[in-house]
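The values are calculated or read from the model by the stated rules, or taken from the named source; none is laboratory data. As the structure is a prediction and not an experimental result, all values here were calculated from the model. Positions of Cβ are backbone-derived with ideal geometry, glycine not excepted, and every protein chain shown enters the neighbour counts.
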Amino acid sequence: MNSRLRSAMLKGKRAGLEMVDTAKPKRKRSHTAVKDEETTNASSPSTYHTFHDPADVVLLRSQLLNWYDKEKRELPWRTLAVTESDLNIRTYAVWVSEIMLQQTQVATVINYYIKWMKRWPTVQDLAAATLEEVNQMWAGLGYYSRGKRLHEGAQKVVSELKGQMPRTVDSLLKQLPGVGRYTAAAVGSIALGQVTGAVDGNVIRVLCRLRAIGADSTGPAVTEALWSIANTLVDPERPGDFNQAMMELGARVCTPKGPLCSQCPVHSHCHSFRKVHVKQEKNSRKLLGKVDKKPSTLPDIEDCINSGTCLLCPSEPWDDELGVQNFPRKPAKKPPRVERTLTCVVIRPGEEGEDEYLLTQRPNKGLLAGLWEFPNLLLEEKSSEMKRKKALCAQISGTLGTHLTESLFQYVGEVVHIFSHIHQTYVVHSVCLKDTDAQTQTENAQWLTRSALQEAAVSTGVKKIVKLCDSVDSQKEQTSKDGKRQKQTGTKNDKKPQTSKKQKSATSSGSRQLSLSSFFNTIKQES
């Protein structure tokens, strides 16, 4: 009896264990299925963040294009895109404009674009130019690798594509160096009539506000959602005009700060605008004490039904003070790297009476690739001033194949120049050589006259250094003139004003700091 009971209990235990074992995988599969479903829901934007009604899409297209036709700015690349019948030239011209406009304001680009197209009106003309000429034309526009990429692209079109610009968005993206997803879409839609959306910084802002997309706008989920929305909205009849209208709207109306919502042609489609409007009305009712007297007839503010798991919803709460500027959300920028560079303006007398300046060329890769600059040395925090000056002196001596002493170096001042990721301070000195025969011993160095320097492929930082030197030289010249004037008007009977020892020492030290032995003689000749 006991043995049979024991046996039955063991069997029951085994059966129970088997049931548990077989049940476990079922529970696991069920949990995974739920998880997959949640992931699918999270990765698929809800209708709140998209344009699901075809009638809304048609209306938005009509409203935006009507506004664009009336309000668009007349820009040289837009005019050329409309008037140029040659498809190859039109594609090239739009490509040049889009590369120039990357991270650069329209007002800055206009003159550069006009000069560029006048000098190199076709892709063949650009391919025949030298990189030095391209850098010279690009000088002052910033992000210099863009000019180099244009030049490389033109040479590739001529040598590998028989001079024919790519004809589709996909081929533009694959065959032209420096062309990304946006640039390919913009050129393809504007020049070639390809039906594709184009998402740049302005369009990101417009779409995020229209559809209340508040997640990090640089993240992959938001990026893909925005491209999907842009492709849904683009007008199939006028894709280029529609994309330019979206950019124009972001640049002039739906601006980062102080957006002009009342002037927006599509504000009736904007979730952000509606949210602001409804909240303002509710707040005004509260102030008037009308909340409890009668039920509100105001419509509810829609929100995403998947807000807990939605990848496009904001993680931070709505801020009434920001209004529509709650969107888009961007990650905090990293502070720029701080650098100090010891720079020297080396001058020698020119053969024709015009002073010449020593410039060295930067490497072909990296920041300001291939541009010319005054000799310089990146300062290390721990090194002393004497050690730094000695290192720069040795560097310039090597370039000239001669021996210079640190005593020749005179302090001029400091120039601050901000790059996108670097806060650069140039600590400027000058050296005036008496020898007209001072020659460069390296390939990446040359002497340029003042007039040639103005036309050379130099950065904005170099131009700022020249401006500082002009300013200091002008101060010195004015001080000299004032001294002469006082001498001429003075008489023997005039009493000299008494000056304390402290004042004398302050004056003398100030003049030593600003002393620049005949710096930029050309300025004196002109004046």
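List of remarks:
- Residues in the stretch 234-263 that are among the aliphatic types (A, V, I, L, M), part of a helix (DSSP H, G or I) and surrounded by fewer than 22 Cβ atoms within 10 Å (Cβ to Cβ): M247, A251.
- Qualifying residues in the stretch 84-131 (those that are β-branched (V, I, T) and in contact with a Phe, Trp or Tyr (Cβ under 8 Å, 6 or more places away or on another chain)) - the one farthest from L176 (Cα to Cα): T104
- Selected residue [surrounded by fewer than 17 Cβ atoms within 10 Å (Cβ to Cβ) and either touching a residue at least 40 places away in the same chain (Cβ under 8 Å) or in the same structural domain as Q263 (by TED's automatic domain parsing) (or both)] from G197, G180: G180
- Sole exception among (1) acidic (D, E); (2) at pLDDT 95 or above; (3) surrounded by fewer than 16 Cβ atoms within 10 Å (Cβ to Cβ) for D53, by number: (2)
- Residue within the stretch 62-79 that is basic (K, R) and at pLDDT below 95 present: no
- In the stretch 321-362, residue nearest to V276 (Cα to Cα) [restricted to those that are in contact with a Cys (Cβ under 7 Å, 6 or more places away or on another chain) and among the β-branched types (V, I, T)]: V324
- Residue list for the stretch 290-342, filter: under 30 Å from G413 (Cβ atoms) and either in a strand (DSSP E or B) or modelled with pLDDT of 85 or more (or both): P335, P336, R337, V338, E339, R340, T341, L342
- Residues of the stretch 318-333 that turn out to be in contact (Cβ under 8 Å) with a residue 24 or more places away in the chain and closer than 30 Å to K382 by Cα, as a count: 0
- Within the stretch 373-389, the presence of at least one residue that is basic (K, R), in the same structural domain as H417 (by TED's automatic domain parsing) and in contact with a Leu (Cβ under 9 Å, 6 or more places away or on another chain) is confirmed.
- Residue check for R73: in the same structural domain as M117 (by TED's automatic domain parsing), in a helix (DSSP H, G or I) and within 20 Å of G250 (Cβ to Cβ): no
- Being within 20 Å of G353 (Cβ to Cβ) and modelled with pLDDT of 90 or more is a description that does not apply to S451.
- Among the candidates V472, V416, V427, residue that is hydrophobic (A, V, I, L, M, F, W, C) and either over 26 Å from S145 (Cα atoms) or assigned to a loop (DSSP other than H, G, I, E, B) (or both): V472
- Output for the stretch 211-249, where each listed residue is hydrophobic (A, V, I, L, M, F, W, C) and either free of Cβ contacts under 8 Å to residues at least 24 places away in the same chain or closer than 16 Å to C310 by Cβ (or both): A212, I213, A215, A221, V222, A225, L226, I229
- Residue pairs whose Cβ atoms lie under 7 Å apart, sitting 6 or more positions apart in sequence or on different chains, and linking a residue in the stretch 264-287 that is surrounded by 13 or more Cβ atoms within 10 Å (Cβ to Cβ) to a partner that is among the β-branched types (V, I, T), are C264/V253; S272/V324; F273/V324; K275/I301; V276/V324; V278/I301; R285/V291.
- When V427, V431, V412, V416 are screened for being surrounded by 19 or more Cβ atoms within 10 Å (Cβ to Cβ), within 30 Å of Q103 (Cβ to Cβ) and in the same structural domain as V462 (by TED's automatic domain parsing), only V427 passes.
Let's see how each residue does on (1) surrounded by 14 or more Cβ atoms within 10 Å (Cβ to Cβ); (2) of a type in the set (G, A, S); (3) in contact with a strand residue (DSSP E or B) (Cβ under 8 Å, 6 or more places away or on another chain):
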{"position": "S46", "(1), (2), (3)": "yes, yes, no"}
{"position": "I114", "(1), (2), (3)": "no, no, no"}
{"position": "R119", "(1), (2), (3)": "no, no, no"}
{"position": "L126", "(1), (2), (3)": "yes, no, no"}
{"position": "G140", "(1), (2), (3)": "yes, yes, no"}
{"position": "Y143", "(1), (2), (3)": "yes, no, no"}
